[in-house]
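J.: Please see the structure below; I have some questions.
Taken together, the values in this text are just the output of simple stated rules run on the coordinates, not laboratory data. None of these values were measured; they are calculated from a predicted model. Note that we place each Cβ from the backbone using ideal geometry, even for glycine, and neighbour counts take in every protein chain shown.
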Amino acid sequence: KYFQLRDIARARLGEDSSGDDDDEIMMLDVEIRTVLEALFAERYPDIPLETLKAEHTAPPTNDAEGKPVLDDLAYSADLRDRLLASEVVAEQDLTMLAQARAETIRAAFLAGGQFDEKRIVIAEPKEVESEDGEWVRLELAVASE
């Protein structure tokens, strides 16, 4: 989802998908934040941006009586997180990702020249549940004839 959202933002800016992926730097970039705000307004038309900004506006930590300021990083990260939650990943995209990863692993095994190409078989991808809600295990199996 992250990469899809990043690519959408970069496409709207007329940039390619490669480049700096430092999340904090990206979240502080005014152009990227402007694109995120536009995407947010499109996907969440019932939530005014001012409401979201107000959630991340407070007096400076060193001056409780000071003029409230917007925490740019927290605001931009909240925009990003809400947009990520709305990002849809198609089943076909997941299948293609699984196949690409399997091909990369196969190529790594073959690169060493120690395995015959016929001995490395890629199984069809299957859906599995993440045990920790974040990582999905990759199952590798070894069989002999």
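J.: In whole Å, what three semi-axes, largest first, describe the equivalent ellipsoid of the stretch 65-112 built from its Cα gyration tensor (square root of 5 times each eigenvalue)?
T.: Semi-axes from the Cα gyration tensor: 43, 16, 4 Å.
J.: Can you work out the FRET efficiency for the pair Ala107 and Val136, with r the C-beta to C-beta distance and R0 = 22 Å, to the nearest 0.05?
T.: After rounding, the FRET efficiency stands at 0.60.
J.: Let me ask you something else. Please find the FRET efficiency linking Glu31 to Ala64, where r is the Cβ-Cβ separation and R0 is fixed at 25 Å, and quote it to the nearest 0.05.
T.: 0.15
J.: Here is a further query. Report the calculated FRET efficiency for Ala38 and Ala123 (r = Cβ-Cβ distance, R0 = 41 Å), to the nearest 0.05.
T.: About 0.45, to the nearest 0.05.
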